[in-house]
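The next block holds one structure in the form of structure tokens; read it before the comments.
The values are calculated or read from the model by the stated rules, or taken from the named source; none is laboratory data. Note that the structure is predicted; figures quoted are calculated from it, not measured. Heads up, the Cβs are rebuilt from the backbone with ideal geometry, glycines too, and the neighbour counts pull from every protein chain shown.
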Amino acid sequence: MSRARGTIIRRGGRWSVVLDLGLDENGRRIRRWHSGYTDRDEAERARTELLSSIDKATYVDPTKVTVKAFLEDRWLPALDGLVAAGKLKPSTVAHYRRLATAYVIPKLGRTLLVKLSADQLARFYATLLKDGRRRVVGGEDAALSAGTVHAVHVAIHRALKDAQRWGLVARNVADAASADAPRAQRREMTERLWTPTQLRTFLESVNDHRLSALWTLFATTGLRRGEAAALTWPDIDLDAGRLTIRRARVVVNHRVIDSTPKTEKSVRTIGLDSATVRALRAHWAQQAKERLAWGPEYHATDLVFTWEDGSPLHPDLITRMFKRLAARAGLPPIVVHGLRHSYASAALEAGIAMKVVSDRLGHSSLSITADLYTHVRPEVDQAAADQVAALILGGV
């Protein structure tokens, strides 16, 4: 058991924890200050955690830890431990690791963790917005999107929150830098989706495509890419016209893994319209023929959407396939996730209640649906203007 002791001291309006770590080789007392706590209770909790880390031999002198060392040696491994315990998704840790490796460590890695300041973070965000892209465009540095820079800020904030909890920093300086971290500036939603007419044009253009049922399902349910890729036949009741989303196939570090859906509410059962049911029945019959044609070489799985030999589709392949088919149809380019946006927009324009649309999409809260889809297309806005004016003015 460690013989280290910790004392709580008040200096001005703040509280500090002073650790007594014994004597050095010259007989001098070794003390380490952890300062900046707002009240005695907070300092007492920090003292307990610090002494516990000493007992467990995990204490690190905060004055010597760089941002790089903290992220690589302490924070990311701790997140990996949460994944192993089933408390965090592998895709989440992969996302944080990618942001840390690509942007944070190259620019801030040599900075001592205790010296990192809100002002330094503000300058860092500004630099990323100006020329933060790793791959040059046209021979020149390119700016990162506001959305990516905001994601970097979110990662830094979470890391520093843990650093504070572990007693490595006195406060989370990312709190003060939040105002300088750009929010994800959304493009006009109308640039990221198709109108109902364009959706119909696309579906007509892929009517003879082997995976036409997949594109129909995207357009009439708003499923996420990973949810569609993980869909199995036991998840679908064609007679009842119901579909249950239980899992997702996602790409983590270039590997495809089966995961739980994005949020708790993403596990859901939704209704299917008759046209989508017919498309799925036709797809089931086609898959049965392929199974017979391939014989013993067929990859027997319950997956709904596969290659001809039954092997699973890579989620990224769905993205690339959609891009080619959209271009062939002569439609404005959108990403495959744009089909989800297109479905949601069409549903709301059709007068479906926001709560119903939110549940069908599997959003974690109604506010997310409202935040994403409170736009109105110009044509719909004009129709509303004419309809209300006719009511008020009597059709004049």
Subject >> The one condition in (1) touching a residue at least 40 places away in the same chain (Cβ under 8 Å); (2) in contact with a Gly (Cβ under 7 Å, 6 or more places away or on another chain); (3) surrounded by 16 or more Cβ atoms within 10 Å (Cβ to Cβ) that VAL304 fails to fulfil >> reply: (2)
**OP:** Go through SER2, SER35 for me and flag whichever is part of a loop (DSSP other than H, G, I, E, B), under 42 Å from the mean Cα position of the chain (by Cα) and at pLDDT below 80.
**Re:** SER2
**OP:** Look at SER342 and say whether it is surrounded by fewer than 15 Cβ atoms within 10 Å (Cβ to Cβ), touching a helix residue (DSSP H, G or I) at 6+ places or on another chain (Cβ under 9 Å) and in contact (Cβ under 8 Å) with a residue 24 or more places away in the chain.
**Re:** no
Original post:
What residue, among those in segment 236-245 that are farther than 23 Å from THR369 by Cα and touching a residue at least 24 places away in the same chain (Cβ under 8 Å), is surrounded by the most Cβ atoms within 10 Å (Cβ to Cβ)?
Top reply: ILE236
**OP:** Evaluate the following for ILE334: is it of a type in the set (A, V, I, L, M), crowded, with 18+ Cβ neighbours inside 10 Å, in the same structural domain as THR369 (by TED's automatic domain parsing) and assigned to a loop (DSSP other than H, G, I, E, B)?
**Re:** yes
Subject >> Filtered residue count, segment 246-299, keeping only those that are in contact with a Leu (Cβ under 7 Å, 6 or more places away or on another chain) and either in contact (Cβ under 8 Å) with a residue 60 or more places away in the chain or outside the structural domain of ARG224 (by TED's automatic domain parsing) (or both) >> reply: 3
Original post:
With (1) surrounded by 14 or more Cβ atoms within 10 Å (Cβ to Cβ); (2) without any contact (Cβ under 8 Å) to a residue 40 or more places away in the chain as the list, and ARG98 as the residue in question, which single condition is left unmet?
Top reply: (1)
Subject >> Residue in segment 358-367 that is farther than 18 Å from ARG268 by Cβ and modelled with pLDDT under 85 present >> reply: no
Subject >> The one condition in (1) surrounded by fewer than 15 Cβ atoms within 10 Å (Cβ to Cβ); (2) under 12 Å from ALA177 (Cβ atoms); (3) modelled with pLDDT of 90 or more that PRO106 fails to fulfil >> reply: (2)
Original post:
Could you say whether any residue in segment 54-63 is surrounded by 14 or more Cβ atoms within 10 Å (Cβ to Cβ), among the basic types (Lys, Arg) and at negative phi?
Top reply: no
Subject >> Residues of segment 157-199 satisfying the condition of being polar (S, T, N, Q), in a loop (DSSP other than H, G, I, E, B) and modelled with pLDDT under 85 >> reply: GLN185
Subject >> Listing of strands (runs of 3 or more DSSP E) fully contained in segment 232-330 that carry 2 or more residues being among the hydrophobic types (A, V, I, L, M, F, W, C) >> reply: 242-245, 248-252, 255-259
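Yes or no, residue by residue, for (1) under 17 Å from ASP162 (Cα atoms); (2) in the same structural domain as ARG110 (by TED's automatic domain parsing); (3) among the charged types (D, E, K, R):
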position: ARG32; (1), (2), (3): no, no, yes
position: GLU42; (1), (2), (3): yes, no, yes
position: ARG47; (1), (2), (3): yes, no, yes
position: GLU72; (1), (2), (3): yes, yes, yes
position: LEU76; (1), (2), (3): yes, yes, no
Subject >> Residue within segment 211-220 that is in contact with a Gly (Cβ under 7 Å, 6 or more places away or on another chain) and either surrounded by 14 or more Cβ atoms within 10 Å (Cβ to Cβ) or touching a residue at least 40 places away in the same chain (Cβ under 8 Å) (or both) present >> reply: no
Original post:
Do you know which of the residues in segment 1-30 that are basic (Lys, Arg) and exposed (fewer than 12 other Cβ atoms within 10 Å of the Cβ) is nearest to ARG171 (Cα to Cα)?
Top reply: ARG11
